[in-house]
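What follows is a single structure, written as structure tokens, with notes after it.
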Amino acid sequence: MYRYILFFFFAIILRFAANADAPPNNSLSGTVRDKKGNPIQGAVVEIPDLKAGASADSDGKYSISGLPKGKFIVVASLISYAKTTITVTISGDTHLDIVLTESAIESQEVVITGQSKATEINRSPVPVVAINTQYLAQNISSNIIDAIAKVPGVAAVTTGPNISKPFIRGLGYNRVLTLYDGMRQEGQQWGDEHGIEVDEYGIDRIELVKGPASLIYGSDALAGVVNLIPTPPAPDGKIIGNITTEYQRNNNLIGGSGMLSGSQNGFYWLGRVSHKQAQDYQDPIDGRVYATNFNETDASAAFGVNKKWGYSHVTVSMFNDLQAIPDGSRDSTTRQFTKQIHEMDTINRRPVVSNQELNTYTLPVLHQHVQLYRVMWDNNFNLLNGLVAVDFGFERSIRQEFSHPQNADIPGLDLQLNTYTYDVKYLFHSIGGWDFTTGINGMYQTNDVTQGTEFVIPSYQQFDFGPFAVFKKNIGKLDIAGGVRYDNRSFHNDALYTVPNPVTGFDMPVTGSNITPAANNPFSNYSHDFSGVTYSLGLTYIFSRSFALKGNIARGYRAPNIAEISSNGVHPGTNIYQIGNPGFKPEFSLQEDIGFEFTSQHVSANISVFNNNITNYIFNQKLDSTIVQGNETFKFAQSNARLFGGEASVDIHPHPLDWLHFENSISLVYATNLGGDGIVINDSNKYLPQIPAPHGFSELRGNFKHPFKNCINSYVKFQVAIYAAQNRAYLVDSTETRTRGYTLLNAGIGTDITNRAGKTIFNIGIFGNNLANTAYQDNMSRLKYFEEYPTDPRGHLGIYNMGRNIGIKLSIPFEVR
């Protein structure tokens, strides 16, 4: 029923858009020059709200046509120049000349995530971090989430090098909403060993909201948002491309990606194909860690049109990953890794893994196959006194975990998730300094688990809808932003009955008359509606061009996920028996943020502190005395919680040594279990599980615009990453253990190589992570607990993180005439 109502609603809007009078054609043009008046070729001029842009020609001229009338932020940028943002009222043929200033200082970004319209980051009261292309290119990682784990306030829970999930200020899983160009990323976020299904080579920049963003996005954005923004299309009138390749020594990772894009008269297209594969990684304690290799292939295509009535863009993508599943089993004497070869498994029947198996790209029999297919339709119509944005999306996520060693082709876990997303909003043009946006968004989702042989969650359906209204007001140096939202989730999971398959002996679902008294019934029918009201109010005061003060208070909301409500079974990828609770209530948070930013010719600094109180906080705890089917048992519990802390960063760039940067940052999160719902607080449970340890980074970097002939945009950097011990652990029944502190040394060097005309032929970077080959275990690594013999005399329990890793990246941009 919900789908038909929505489709009818969308049809009315599209019909209205089709019948509306065509707006007059407006344009924006001008020149981009430096302070001496010289034209700057290649400078990019963009209007983020309209997804329109152009690059300056050899005379510095640019032109963007087919624009709607209204007030918009215009952004001009080029490497080695400070990014310039200008608010422009476009009406008819509008002329705007732009002056860019050479600068080594990190400039203010313009962000769209968590906002109703594009906003300068220093004017957003909500804590937002922008990660640009340059940052992603000048670091190495095995996946896109690890690439941002060094950002203050951000961490990642990991299960090896290619499985990472983002944590923001101590909260993760379904509390952090991952977006792909503004669309929800849906792919079993509840699972420990489930990563983010995105091609890292196709991401151009990332925007992070640190704090409740339920106001704009609804449930699952209680802790924040990670918006992965893909490569933009070519500027109008050009065909451009890029070939990227990399190699990492630790696990012999080989990766590469090719992109081609063209644009002409408002129509654009873009295509990309990527692939990466790796062997088992190694560390100084374990050697090569068995079953951490992977093989990933991705592809995407996009096309669209930008005209005076607005724009319409379509994106399709495919993610296909074959990922090994480590379990940490070892020989009790030699401590070498072993592997399961029999269905009726016992530790002493496992053979030792050979060196050949540890040094291969071929995946073991026990592995997971993860696929995600996505279609996005993004529309923006210039109607009446504003813009109507109508976005639809469809995702199909298929996750298969092959856990039967003697029946390699039969998946144990087989989850097939279909998600339909919608987002409709009206953005009023600014009136008297007031910006209003109102709309409704949500999703319809189905998850089918009946194709597998092991069942940790039941099949389910859910429908989300959330109307909202937000505003922003500029009063001189003061910006006020806020809004309110109502969310509702209608949830239903199906009963499941299973009997042994007469051929394989594995469990298989049965229905109707095939349900016998002897059938197992792990899941019963369950239906429930979850709802909540969220709000936000924030202030930003710009004292001067150097100093800004911010404050924000926001209420977040999250409905319990399927695992927390209904799980009841062995999860093959984790080797635990998981139990949920259908009586859980939604989580609500109330977070206060205060921060300030300071920028001068010599120093840039940022400090942000927060306090977050969460009612009905859900966490997973071990039941030490309970063993089910040979597996440790974990059960979700609900309590009240408080998280507080903050981040601080200082970048020293002394003038006239503008090429020199000394960047320092620190992140702190303290989490306390406040009890409630029958939980009595004592010394073993007074903290919350899975909280990142206090940590900081120091980086000494030199940026050189033109150090040698045929070299531009060169850099050299040295980094120290310091992680304190995490002694504030959830110790009940050994759910967690304390983690020792450690220090990592990293470095990098790179440059662009140009031809005689000054055009970049290729750029190259060489990087080293953990150069001292330090043996360490991150508090957020699940592999830390993969230990069959807790009495190991060496004292090295569990699996350690990756050792020394040297990598090289090569990127070749080109243009087709």
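The values are calculated or read from the model by the stated rules, or taken from the named source; none is laboratory data. Keep in mind it's a predicted model, so treat the numbers as computed, not measured. With ideal geometry, Cβ positions are generated from the backbone for all residues, glycine too; neighbour counts draw on all protein chains shown. Please note that ligands, DNA and RNA were not included when accessible areas were found on the heavy atoms of the full protein model with its side chains. Shrake-Rupley method; radii C 1.70, N 1.55, O 1.52, S 1.80 Å.
Within the range 673-686, the set of residues being on the phi < 0 side of the Ramachandran plot and in contact with a strand residue (DSSP E or B) (Cβ under 6 Å, 6 or more places away or on another chain) comprises Asn673, Leu674, Ile679, Ile681, Asn685, Lys686. Going by what's in this entry, would His369 be described as closer than 26 Å to Asn447 by Cα and open to solvent by 20 Å² or more (accessible area, probe 1.4 Å)? In short, yes. Residues in the range 246-266 that are surrounded by fewer than 17 Cβ atoms within 10 Å (Cβ to Cβ) and either under 24 Å from the mean Cα position of the chain (by Cα) or more than 24 Å from Val289 (Cα to Cα) (or both): Tyr247, Ile254, Gly256, Gly258, Gln264, Asn265, Gly266. Restricting attention to the range 338-386, the residues that are hydrophobic (A, V, I, L, M, F, W, C) and closer than 19 Å to His404 by Cα total 9. Scanning the range 145-186 for residues that are in a strand (DSSP E or B) and within 21 Å of Ser665 (Cβ to Cβ) turns up Val154, Ala155, Ala156, Val157, Thr158, Ser164, Pro166, Phe167, Ile168, Leu171, Val176. Step by step: first the residues of the range 531-548, then only those that are touching a Gly at 6+ places or on another chain (Cβ under 8 Å) and open to solvent by 60 Å² or more (accessible area, probe 1.4 Å), then the one that is nearest to Ser124 (Cα to Cα). Which residue is that? Applying the filter and picking the extreme gives Leu539. Screening the candidates Gln282, Gln356, Gln340 for the property of being without any contact (Cβ under 8 Å) to a residue 40 or more places away in the chain and either open to solvent by 30 Å² or more (accessible area, probe 1.4 Å) or among the charged types (D, E, K, R) (or both) yields one hit, Gln356.
Considering each residue of the range 99-118 in turn, at least one proves to be in contact with a strand residue (DSSP E or B) (Cβ under 9 Å, 6 or more places away or on another chain), surrounded by fewer than 19 Cβ atoms within 10 Å (Cβ to Cβ) and modelled with pLDDT of 85 or more. Note on the range 207-245: residues that are farther than 26 Å from Asp464 by Cα, open to solvent by 10 Å² or more (accessible area, probe 1.4 Å) and touching a Leu at 6+ places or on another chain (Cβ under 8 Å) total 6.
For the range 490-507, which residues satisfy the criterion of being among the small types (Gly, Ala, Ser) and either open to solvent by 40 Å² or more (accessible area, probe 1.4 Å) or farther than 30 Å from Phe465 by Cβ (or both)? Break it down into steps so the answer makes sense when it comes.
Pass one, the range 490-507, residues among the small types (Gly, Ala, Ser): 490, 495, 505.
The one that is among the small types (Gly, Ala, Ser) and either open to solvent by 40 Å² or more (accessible area, probe 1.4 Å) or farther than 30 Å from Phe465 by Cβ (or both): Gly505.
Total residues in the range 565-574 satisfying the condition of being within 26 Å of the chain's Cα centre (by Cα) and either modelled with pLDDT under 90 or closer than 15 Å to Ser219 by Cα (or both): the figure is 4. Selection within the range 51-80: residues that are open to solvent by less than 40 Å² (accessible area, probe 1.4 Å) and of a type in the set (Ser, Thr, Tyr). The member of this set that is nearest to His661 (Cα to Cα) is Ser80. Residues that are in a strand (DSSP E or B), over 28 Å from the mean Cα position of the chain (by Cα) and not basic (Lys, Arg) within the range 307-335 comprise just one, Gly310. In the set (1) over 20 Å from Asn295 (Cα atoms); (2) crowded, with 24+ Cβ neighbours inside 10 Å; (3) in contact with a Phe, Trp or Tyr (Cβ under 7 Å, 6 or more places away or on another chain), Pro161 fails one condition alone, (1).
Taking the stated definitions as given, is Asn616 under 30 Å from Thr159 (Cβ atoms), surrounded by fewer than 19 Cβ atoms within 10 Å (Cβ to Cβ) and touching a residue at least 24 places away in the same chain (Cβ under 8 Å)? Spelling it out, Asn616 is indeed under 30 Å from Thr159 (Cβ atoms), surrounded by fewer than 19 Cβ atoms within 10 Å (Cβ to Cβ) and touching a residue at least 24 places away in the same chain (Cβ under 8 Å).
Quick one: in the range 35-50, which of the residues that are touching a strand residue (DSSP E or B) at 6+ places or on another chain (Cβ under 7 Å) and part of a loop (DSSP other than H, G, I, E, B) is most open to solvent (accessible area, probe 1.4 Å)? Restricting to residues being touching a strand residue (DSSP E or B) at 6+ places or on another chain (Cβ under 7 Å) and part of a loop (DSSP other than H, G, I, E, B), the top hit is Lys35.
Given the structure, is Leu797 modelled with pLDDT under 95 and open to solvent by 60 Å² or more (accessible area, probe 1.4 Å)? It is true that Leu797 is modelled with pLDDT under 95 and open to solvent by 60 Å² or more (accessible area, probe 1.4 Å).
Checked against (1) surrounded by fewer than 23 Cβ atoms within 10 Å (Cβ to Cβ); (2) assigned to a loop (DSSP other than H, G, I, E, B), Asp204 passes all but a single condition, namely (2).
Which residues, taken from the range 61-76, are part of a strand (DSSP E or B) and either of a type in the set (Phe, Trp, Tyr) or at pLDDT below 85 (or both)? Spell out how you get there, then give the answer.
Of the residues in the range 61-76, the ones part of a strand (DSSP E or B) are 61-67, 70-76.
Once the filter is applied, which keeps residues that are part of a strand (DSSP E or B) and either of a type in the set (Phe, Trp, Tyr) or at pLDDT below 85 (or both), the range 61-76 yields Tyr62, Ser65, Gly66, Leu67, Gly70, Lys71, Phe72.
In this structure, Pro694 does not satisfy being of a type outside the set (A, V, I, L, M) and exposed (fewer than 15 other Cβ atoms within 10 Å of the Cβ). Note on the range 301-330: residues that are of a type in the set (Lys, Arg) and within 23 Å of Tyr268 (Cβ to Cβ) amount to 2.
Considering only residues that are part of a strand (DSSP E or B), open to solvent by 20 Å² or more (accessible area, probe 1.4 Å) and touching a Leu at 6+ places or on another chain (Cβ under 8 Å), which ones fall in the range 446-464? First the steps, then the outcome.
To start, the set of residues in the range 446-464 that are part of a strand (DSSP E or B) comprises 446-448, 460-464.
Now narrow it down to the ones that are open to solvent by 20 Å² or more (accessible area, probe 1.4 Å): 446, 448, 461.
Thr446, Asp448, listed by residue number.
Residue-level check: of (1) more than 30 Å from Gly42 (Cα to Cα); (2) of a type in the set (A, V, I, L, M); (3) surrounded by fewer than 16 Cβ atoms within 10 Å (Cβ to Cβ), Ile761 misses just (1).
Considering only the range 306-314, I want to know if a residue exists there that is open to solvent by less than 20 Å² (accessible area, probe 1.4 Å), at pLDDT below 95 and either out of contact with any Asp or Glu (no Cβ under 9 Å at 6 or more places or on another chain) or closer than 23 Å to Asn631 by Cβ (or both). If you could, list the steps in order and put the result at the bottom.
Narrowing the range 306-314 to residues open to solvent by less than 20 Å² (accessible area, probe 1.4 Å): 310-311, 313.
Applying the additional criterion that residues be at pLDDT below 95 yields 310-311.
From the residues that got through so far, the ones that are either out of contact with any Asp or Glu (no Cβ under 9 Å at 6 or more places or on another chain) or closer than 23 Å to Asn631 by Cβ (or both) too are 310.
There is at least one residue in the range 306-314 that is open to solvent by less than 20 Å² (accessible area, probe 1.4 Å), at pLDDT below 95 and either out of contact with any Asp or Glu (no Cβ under 9 Å at 6 or more places or on another chain) or closer than 23 Å to Asn631 by Cβ (or both).
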